[in-house]
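The values are calculated or read from the model by the stated rules, or taken from the named source; none is laboratory data. If you're wondering where the values come from, they're calculated on a predicted model, not measured in any experiment. Ideal geometry is used to build each Cβ from the backbone, glycine not excepted, and the neighbour counts take in all protein chains shown.
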């Protein structure tokens, strides 16, 4: 006989459902509804028809854009010749969409020119002496701003006691986004310093500093447009740049007069200094002619060419500084 | 005896006395004669005379005797006052007697003397003194306070640059000896220059900020709760309980901003109980702290702080060149360079520069000290500046009260400033919303009870604000290019030193 009797705790006839499957996984072949949009092909290779339509629309729009671009470029060419009636200087001082941005043809890619993007602002540092402001670089800076998003800053080094306010604001007003450096593609940092010769530093590990206004101008221009592929034309551009910086800017009165005569005859043969296209030679010659102070007493072709340069609108800050 | 006898005796005595008396009188006469001689001499010395020298000047100064050299009938002394010293000469002549020359030669070094002399031009420059084109010809010299004959350290050794000492086999004084005998070590011209420059930094700090509209406040140093983390505080017994010494005036600066002071700064001691025996850590130092409310963007705070620093550097460059040159004689270094406005780089740029230089680090890692130094060198190479700001630090490495970046949750609105590759300021925009602050504190696993009063101070209207603090000694050390912060702290405190 049992000692204690306990009432049964649970009923004896509870039905238990035993599972047949040990682990359950989500179906890998199921189509994902709202995930990343890059995955648009179904498992069997067919493309969703809705996406196809979208792609076709995108191609159509791109084609239209290219046509528009070609049309505008054509218009720009007619406008940029010296005998245009349209005065571009007023409208294009700081508007980013002016047609003169397309005058420099040729595509350049910052990655190929300046090295792989390491995820940080590519900062070009220029150390200049306030006694000799680099006017060509200011013009090139203005051209760069048209082409890329440039963060420009001006600093004064401790080796210089004071700098005129004109020099401090030579790169234009501060960009409203300048608090976020990573939003920009290129940095242009101008430091007024007591240096004997202008120098530029970019990547301290891979490049040595570049000295001399002419050489820095060449580097910066390469960011805008490649040199003419024809070697003769490229050499012509180079020789004009050198002539401008050595004889026009620093030469005696006789040398300067000789250069102006040569310039006159060159401009008689073509629209721009080194051929039919606007090039670095024009920037260099313009700035050096203005800096030498003989802008008033130049031959006829040179006068016309000066007006043409000023029509382009980028030479405004340079002219302001040289006055 | 009869009276006569007595008389006779007294007479004898008198005679004997008179002999003694005569001797005495003789001696006295001699003394009197000597005295008279001396007095005559003094009188002679006191006579004012006309010199034909154009550089006639008589002045009484309280100077210290630095050293003497006796050469026969002449004695050369070097007299010193703070940063400057001058050669003085005592020569036997109608002004000075041989005894005077001997007396001058025997004065202990570092005694304080009172001197009356004539300033004379010299043909040959005196290289060993700061005043190189004049010397003093002493006419009167008195010792006001005598120094002990044996000094624990010699000032010539203390001022010798380290390299020179090793080359020529002469002694230099090592740091511990200097710090143990700080009173004498502080007398060197180098120390005088350093601390005058430090006083200049403090003054320029106050002046610049006051001009910008800041209000100076004094915050309490005995506090009830550790402000920045709890691990490195000194505990003091406070009646029946204990209290802590403030690690930073952070909490009270922020309360002042909430109390509608808009812009405040404070200068006061900071106590950090870190057991770090490095060249740049002290347990007690002077903190210069700034806090301000801003209107649109926390960059206004950065601009304010960097402008203050640039004004300090400019003030030192323009007004303290003598002091900088004096320090450079013993501790040569490159002059300090900076840019105006100050260079501001972003953390991502710094990481890219370090990657380019071959350093491996993650995007959200904190900068280690060697990396900071390397970065300082890279920035110096590219931009030629010793002072720059690094903005937008990753949120993970900053304290809980740092405001996160609204555009990128991985980063924060915080910044560090560096001088010569070493960090001098750590600052940020602070979280001014109590809900967000609570959330951030919980994320960092901080006990909310301990910081309850801190969070409460933001519940009654708090403007967005930010700030930062610098250490006075560290800034001076880095500006002058010195290598140990104890050189710029008058009576330094570190884990191993509590006196003087």
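Look through the range A:130-154, keep the residues that are free of Cβ contacts under 8 Å to residues at least 60 places away in the same chain, touching a helix residue (DSSP H, G or I) at 6+ places or on another chain (Cβ under 8 Å) and within 14 Å of chain B (Cβ to nearest Cβ), and return whichever of them is nearest to residue A:321 (Cα to Cα). Taking the candidates together, the pick is A:154. Going by the structure shown, is residue A:146 outside any loop (DSSP other than H, G, I, E, B), assigned by TED's automatic domain parsing to the domain that holds residue A:280 and surrounded by fewer than 18 Cβ atoms within 10 Å (Cβ to Cβ)? The answer is no for residue A:146. Criterion applied to B:300, B:274 was being within 24 Å of residue B:390 (Cβ to Cβ), assigned to a helix (DSSP H, G or I) and modelled with pLDDT under 95, and the one residue passing it is B:300. Filtering A:258, A:249 for residues that are in a helix (DSSP H, G or I) and surrounded by fewer than 16 Cβ atoms within 10 Å (Cβ to Cβ) leaves a single hit, A:258. Taken together, the criteria exclude residue A:290 from residues that are in the same structural domain as residue A:146 (by TED's automatic domain parsing), more than 28 Å from the chain's Cα centre (by Cα) and under 19 Å from residue A:322 (Cβ atoms).
Residues in the range A:184-205 that are in contact with a helix residue (DSSP H, G or I) (Cβ under 8 Å, 6 or more places away or on another chain), at pLDDT below 85 and within 13 Å of chain B (Cβ to nearest Cβ): A:203, A:204, A:205. For the range B:465-472, does any single residue satisfy the condition of being assigned to a helix (DSSP H, G or I), over 23 Å from residue A:180 (Cβ atoms) and either in contact with a strand residue (DSSP E or B) (Cβ under 7 Å, 6 or more places away or on another chain) or away from every other protein chain (no Cβ under 14 Å) (or both)? There is at least one residue in the range B:465-472 that is assigned to a helix (DSSP H, G or I), over 23 Å from residue A:180 (Cβ atoms) and either in contact with a strand residue (DSSP E or B) (Cβ under 7 Å, 6 or more places away or on another chain) or away from every other protein chain (no Cβ under 14 Å) (or both). Where helices (runs of 4 or more DSSP H) sit wholly within the range B:313-411, those with at least 1 residues that are modelled with pLDDT of 90 or more, within 27 Å of the chain's Cα centre (by Cα) and more than 12 Å from chain A (Cβ to nearest Cβ) occupy B:321-330, B:369-383.
Scanning the range A:169-183 for residues that are within 13 Å of another protein chain (Cβ to nearest Cβ) and either surrounded by fewer than 14 Cβ atoms within 10 Å (Cβ to Cβ) or free of Cβ contacts under 8 Å to residues at least 24 places away in the same chain (or both) gives A:169, A:174, A:176, A:177, A:179, A:180, A:183.
To keep it simple, each residue is scored yes or no on (1) under 22 Å from residue B:304 (Cβ atoms); (2) in a strand (DSSP E or B); (3) in contact (Cβ under 8 Å) with a residue 24 or more places away in the chain.
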site	(1), (2), (3)
B:423	yes, yes, yes
B:428	yes, yes, yes
B:439	no, no, no
B:446	no, no, yes
B:449	no, no, no
B:454	no, no, yes
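Those residues that are over 31 Å from the mean Cα position of the chain (by Cα) and within 21 Å of residue A:311 (Cα to Cα), I need them from the range A:234-283; list them, please. The answer is A:260, A:264, A:268, A:269. Does the range B:132-139 contain any residue that is outside the structural domain of residue B:332 (by the TED database), modelled with pLDDT of 80 or more, more than 18 Å from residue B:492 (Cα to Cα) and under 28 Å from the mean Cα position of the chain (by Cα)? Checked against the condition, which is being outside the structural domain of residue B:332 (by the TED database), modelled with pLDDT of 80 or more, more than 18 Å from residue B:492 (Cα to Cα) and under 28 Å from the mean Cα position of the chain (by Cα), the range B:132-139 yields at least one hit.
The single condition from (1) surrounded by fewer than 21 Cβ atoms within 10 Å (Cβ to Cβ); (2) in contact with a helix residue (DSSP H, G or I) (Cβ under 6 Å, 6 or more places away or on another chain); (3) within 14 Å of chain A (Cβ to nearest Cβ) that residue B:293 fails is (3). Would a scan of the range B:435-451 turn up a residue that is under 37 Å from the mean Cα position of the chain (by Cα) and within 14 Å of chain A (Cβ to nearest Cβ)? No, every residue in the range B:435-451 fails to be under 37 Å from the mean Cα position of the chain (by Cα) and within 14 Å of chain A (Cβ to nearest Cβ). Whenever a residue of the range A:204-217 is on the phi > 0 side of the Ramachandran plot, its partners that are part of a helix (DSSP H, G or I), lying with C-beta atoms within less than 9 angstrom and at least six residues away or across chains, give the pairs A:212/A:245.
Among the residues of the range A:268-301, those that are buried (at least 23 other Cβ atoms within 10 Å of the Cβ) and in a helix (DSSP H, G or I) comprise A:280, A:281, A:282, A:283, A:284, A:285, A:286, A:287, A:288, A:289.
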